[in-house]
Each structure stands twice: as structure tokens, then as C-alpha cells.
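Here the structure is laid out as C-alpha cells; the discussion comes afterwards.
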Amino acid sequence: MASEKLAMAEHVEKHDSITPEAEGHALPGHSDLKTSTEAHAAIENEHNMTPWQALKLYPKAVGWSLLLSCAIIMEGYDVVLIGSFFGFPAFNEKYGGLMSDGSYGLAAKWQAALTNSMSCGQIIGLFINGIVSERYGYRKTLMACLASTVAFIFILFFAPNVQTLVVGELLMGIPLGVYQTLTVTYASEVCPVALRAYLTTYVNLCWVFGQLIASGVLKGLADRTDEWAYRIPFSIQWVWPIPIFIGVYLAPESPWWLVRQDRREDAVKAVRRLTRADIQGFNPEETVSMIIYTNALEKRVQTGSSYLDCFKGTDLRRTEIACCVWAVQSLCGAGLMGYSTVFYQRAGLAISQSFTMSLAQYAIGVVGTVSSWVMMTYFGRRTLYVSGLVMLAVVLFVIGFVSIAPATSAISWATGSMLLVYTFVYDSTIGPVCFSLVSEMPSSRLRIKTVVLARNLYNVLNLVTGIIIPYMLNVDAWNWRGKSGFFWGALCVSCLVWSFFRLPEPKGRSYAELDVLFENKVRTRHFPAAKTGLVQDELKGEGSA
């Protein structure tokens, strides 16, 4: 049966087979025939596995993935914390100055500096992560970052001036950058195909949880006028690192990383720790053989493991897709969501009430992320992503046209309310689906580095948006306010055009199948129906002909 599957793979899209057995390419570990047979059996099992069956088989993997993904809560918390502090009286009196409208606030340049210093730190952390995690493993890298996070929070907590805050945010961004890639990569590598989309998009839910917690904390402290109004929110960040550190210490390493280190037996042990031992018909050896098979397949097509290899051959297309998918998150106007508090304050709401509305906004984000799991099950990633961009563009243009009217309390209310609609659409489509796509598009040997490049492109774009959005909204700068919707709406349409023509659908595909599809240069619109020759359902009829 295995030989028939390999023979049929040669007919995929009229290209030669790229299976590693072709042309005598050796597979590491067991004998070539045994490894190949076990690999195809594992691919077949994953292809036919339902989400419920996968959940019963991989409950431990789900638990470890959920725990490690909680590190992202810290990023979502810190991002909202800094953005919301711009509308926080006690913070503005300590670190800002008197504005032209008689209120205290930070100048646009310092708002941009605080926002962008974290992005700069994340860029540094991401590039370090791409090298260090591949050498020392995901667990050790994550534990080192959690320990450094505890130290960097001290700088933010005791910052005497805005300059020190900028330095603290820069350093804090380094471990946060590592969390961005390691958590989603770990989630994508410890779970089967049937659970991959849910566990990778859970990362977005953790990000929203961080936003929700930050908004709740700020609402509770909005009426305070002393230094603890902003020091308590900083100190709460010490809550996460220690329990997550303990969890990471106890968690198994990614079997994919262990295979890349030629540690087959350790990979088998890791798979056993990720699955239930009492499920009949499951063989950890087969799963590891599938990983070895995929790794050898990528070696067969000369997939390297350096940053430069991300831009060679078929990996160039995969890198483009991953990078652009994450860039869209920045280009579609998502940065405006962090400023809804400002719009509500301009509408005449009290400080506490404006934070209540922000709290509702992030609660809507939680509902949106959960609803994306249901929609992805039926519609897939591509459909949800493209349709999400259509709806976001409409919302942004509505915000723009509403703002043409003279500035009044009603206009600010309308703008802030449309941002609530924007949040729901974003967190049920673009936000969570992005995390699934960027982890599925790269080859396994280049996954961590491709995700690093994608996230760093996102961070670079955030540097730009972090500069221009404060100027768009600041009363002493451009003062565009709601008219910013026209600018971001136009960019959103551009993102929609790219996504329609370049974004493929990876739903239900194992990593080995995706390797075959990309190597055979399958067109975007043909991805859902294209045959790879790696699963039995595709060979029915052909094998008997």
C-alpha cells in the first residue's frame, strides 16, 4: 500500500513526486521502508481524525499548549496598558504635561516613543529567538524569557520619568517578542491537524484576555489620583511569569524540534507525554516517523534551516504568505482599537465610564475569537480571512464618512461604537485566523524563522502605525480623528486584493501534504481540491485502474 501511494504521488499536478524515497533519498532512524510505512499510516490517521477524536487522544497536548500560550496574556496586557494610560489622569499628570485644551497629557512624540519602544524590543527578541530556540529548544528559551520578564517589570514599576518608561518598554519587548512566536509554533507542533486551528488561534484569545484584564484593572483604578493608580497595573504583570515558568519546566519539548536534533527516542517519549496511553490503535512511533518523513521530504527539496533559506525556492512563496498575513493585521487599521477610550472621553463620558466601554470592547473580542472556532470549522481559514477584510473595510469607510460631519458628542459616540463593531469583526476573522495561517504556511524546518520574519514585518509596520496614529488623533497634531477611517479603509482594500489572489486554504492538510502542494506550485484556488498522493481517499479508483 505504501508503494502504491508513493507511485500515485507522481501524478500530482503533473509534476514529479517529491517524496523523500524518490531517487533513493535516505530517511534517518528506522529502515526506509518501515519509516515510510509508519509515516503514511500516521498521515492517513490524522487526515481522518475528527476534532473530538483528536481531543480524546491529545488532551495533554491541549493542556500544555493552552498553558504556554498564556504567556501572550502579558503582551496583550502591556499593549493595552500603555495605550490606555494616554487617557489616564494620574499617569498623564506624572509623565505628561499641560495640553492646549487645558488637560494633562503626553505629547504625540512621547506617545509614539512609548508605543514603538516595545515594538523595537520585540524585533530584537524575535531575531534572537529564531536562533536561540532552534539551538536550545523551546522550553529553555521560554523559561529564560519568563525570568527576564520579572526583572524588566521592576524598571516600569519604579520609572521616575517618561524616558525610563521608554527604556523599560524597550527591554520588556524583548521577551514579549519571543512569546509571540514560540507559543504559536509550539501549539502548531504538539497537536494533530484536527486541533491545529483551534490551539493556534487560542493565542489570539490569550491576547484579548490580556486586553480585557488591563481594561478591568484600569477601570477599577481610574478614580485614584496617587502614584498607585499606575504602579498597581504595572505590578500586576508579576502575576503571570512564575506559574507559567513552572508549567514550561514540566512540559514536554516539541517532538518536531527533537527530530531536527536527531533525537528520535526523545521525540517518541515527548509524543507519549502529549497523548493518552489507553487509546487503542495509536502508535507514537508512527507519529514520529511522520515527523521524520516530513523533515526528510524538506531536505529532499533542499529546504535549509537559516534565515536566508526562507527566501529560496518554494520557501519564498511560503515566507511571502506568512509575512503578508501578519502584515495585514497592522495594515487593516487594527491600531485604532486601542484608542476607543479616547473617542468615548471626547464624547463626554467620565473617565471610569470610558474604561467601562473599553472593557465591553475587549469582552466582545473574546466572544469574537470563540465564534471564529465555529466558523473555521465550516468555512476554513481563507474564506474567513477574506470575508473579514471585506467587512473591516466597510466599517472603516463608515467611520470616515460619519466623521465628515461637524465634531460633536454624537459623532464621537458613533465613531467609538463603530470601533466596537470593528473589534468583533476583527477578533472573529483576521485576528485569530492569522495565528493559524502563519504557523501552517512555513516548512517545518523553517517554521520558527519564518514566523519570526512574519512577526517582525508586523512589528516594523507597527512602528509606522504607532507613530502616525497618535498624530492622527492628537488634538495638537493632525487631529484627523474619525477621518482616519478613509486612510485605513484604503489600505484594507489593498490587503483584500492580495489575500484574494495569494492566500491558499490549508484546512485539513498535514504538513507533509502542504510541502507537496507548495513544491508542485499548486495555484492558490486549487489548494482545497489538489491531490497529494499521501492519503488513501485520493487514490481510490486510480489505484485499481
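The values are calculated or read from the model by the stated rules, or taken from the named source; none is laboratory data. All values derive from a computational prediction rather than experimental measurement. As a convention, Cβ positions derive from the backbone with ideal geometry for all residues, glycine included, and neighbour counts pool all protein chains shown.
Every residue, every condition in (1) crowded, with 24+ Cβ neighbours inside 10 Å; (2) touching a strand residue (DSSP E or B) at 6+ places or on another chain (Cβ under 7 Å); (3) under 27 Å from Val374 (Cα atoms); (4) touching a residue at least 24 places away in the same chain (Cβ under 8 Å), yes or no:
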residue: Val438; (1), (2), (3), (4): yes, no, yes, yes
residue: Met441; (1), (2), (3), (4): yes, no, yes, yes
residue: Val452; (1), (2), (3), (4): yes, no, no, yes
residue: Arg455; (1), (2), (3), (4): yes, no, yes, yes
residue: Asn459; (1), (2), (3), (4): yes, no, no, yes
residue: Tyr471; (1), (2), (3), (4): no, no, no, yes
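What are the pairs with Cβ atoms under 8 angstrom where one residue, in the stretch 126-143, is at pLDDT 90 or above and the other, located anywhere, is surrounded by fewer than 20 Cβ atoms within 10 Å (Cβ to Cβ) and among the β-branched types (Val, Ile, Thr)? Sequence gap at least six, or different chains.
So the pair list comes out as Thr141/Val132.
Can you run down the residue pairs with Cβ atoms below 7 Å, 6 or more apart or on separate chains, where the first is in the stretch 378-403 and touching a residue at least 24 places away in the same chain (Cβ under 8 Å) and the partner is polar (S, T, N, Q) and part of a helix (DSSP H, G or I)?
Qualifying pairs under 7 Å: Arg381/Ser436; Leu384/Ser372; Tyr385/Ser499; Val386/Ser499; Leu389/Ser499; Ile399/Thr415; Val402/Thr415; Ser403/Thr415.
How about the stretch 203-239: which of its residues are assigned to a helix (DSSP H, G or I) and touching a Ser or Thr at 6+ places or on another chain (Cβ under 8 Å)?
Answer for the stretch 203-239, where residues must be assigned to a helix (DSSP H, G or I) and touching a Ser or Thr at 6+ places or on another chain (Cβ under 8 Å): Val203, Asn204, Leu205, Cys206, Val208, Ala214, Ser215, Leu218, Lys219, Gln237.
Looking only at the stretch 50-59, count how many residues are surrounded by fewer than 18 Cβ atoms within 10 Å (Cβ to Cβ) and either modelled with pLDDT of 95 or more or not in a helix (DSSP H, G or I) (or both).
Residues flagged as surrounded by fewer than 18 Cβ atoms within 10 Å (Cβ to Cβ) and either modelled with pLDDT of 95 or more or not in a helix (DSSP H, G or I) (or both) within the stretch 50-59 amount to 1.
For the stretch 310-323, which residues satisfy the criterion of being surrounded by fewer than 20 Cβ atoms within 10 Å (Cβ to Cβ) and touching a Ser or Thr at 6+ places or on another chain (Cβ under 9 Å)?
Correct list: Phe311, Lys312, Gly313, Thr314.
For the stretch 200-241, what are the residues that are within 17 Å of Val178 (Cβ to Cβ) and either touching a Lys or Arg at 6+ places or on another chain (Cβ under 7 Å) or among the aliphatic types (A, V, I, L, M) (or both)?
Scanning the stretch 200-241 gives a single hit, Val203.
Quick grid of which residues meet (1) under 30 Å from Ala54 (Cα atoms); (2) part of a helix (DSSP H, G or I):
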{"site": "Ser117", "(1), (2)": "no, yes"}
{"site": "Ile128", "(1), (2)": "no, yes"}
{"site": "Glu134", "(1), (2)": "yes, yes"}
{"site": "Ala159", "(1), (2)": "no, no"}
{"site": "Ala187", "(1), (2)": "yes, yes"}
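I need the full set of residues from the stretch 244-266 which are within 25 Å of the chain's Cα centre (by Cα), of a type outside the set (D, E, K, R) and more than 17 Å from Leu142 (Cα to Cα), in order please.
Scanning the stretch 244-266 gives a single hit, Val259.
Listed residues Thr164, Thr200, Thr141, Thr149; which is hydroxyl-bearing (Ser, Thr, Tyr), part of a helix (DSSP H, G or I) and under 19 Å from Thr369 (Cβ atoms)?
Thr200
Run down Arg481, Arg445 and say which single residue is at pLDDT below 90, touching a helix residue (DSSP H, G or I) at 6+ places or on another chain (Cβ under 7 Å), crowded, with 17+ Cβ neighbours inside 10 Å and under 30 Å from Arg300 (Cα atoms).
Checking each option against the conditions leaves just Arg445.
Checking the conditions here, which among Ala71, Ala42 is within 18 Å of the chain's Cα centre (by Cα) and either small (Gly, Ala, Ser) or at pLDDT below 90 (or both)?
Ala71
Out of everything in the stretch 263-309 that is outside any helix (DSSP H, G or I) and in contact with a Gly (Cβ under 8 Å, 6 or more places away or on another chain), what residue ends up being surrounded by the fewest Cβ atoms within 10 Å (Cβ to Cβ)?
Going through the qualifying residues, I end up with Gln302.
Restricting to the stretch 97-111, and then to whatever is surrounded by 18 or more Cβ atoms within 10 Å (Cβ to Cβ) and modelled with pLDDT of 80 or more, can you tell me which residue is farthest from Val217 (Cα to Cα)?
Trp110
Given the structure, is Lys531 assigned to a loop (DSSP other than H, G, I, E, B) and not acidic (Asp, Glu)?
yes
Residue-wise test of (1) among the polar types (S, T, N, Q); (2) in contact with a Gly (Cβ under 7 Å, 6 or more places away or on another chain); (3) touching a residue at least 40 places away in the same chain (Cβ under 8 Å).
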{"residue": "Phe154", "(1), (2), (3)": "no, no, no"}
{"residue": "Val166", "(1), (2), (3)": "no, no, yes"}
{"residue": "Ile174", "(1), (2), (3)": "no, yes, yes"}
{"residue": "Gly177", "(1), (2), (3)": "no, yes, yes"}
{"residue": "Gln180", "(1), (2), (3)": "yes, no, yes"}
{"residue": "Cys191", "(1), (2), (3)": "no, no, yes"}
{"residue": "Ala194", "(1), (2), (3)": "no, no, yes"}
{"residue": "Leu199", "(1), (2), (3)": "no, no, yes"}
{"residue": "Trp207", "(1), (2), (3)": "no, yes, yes"}
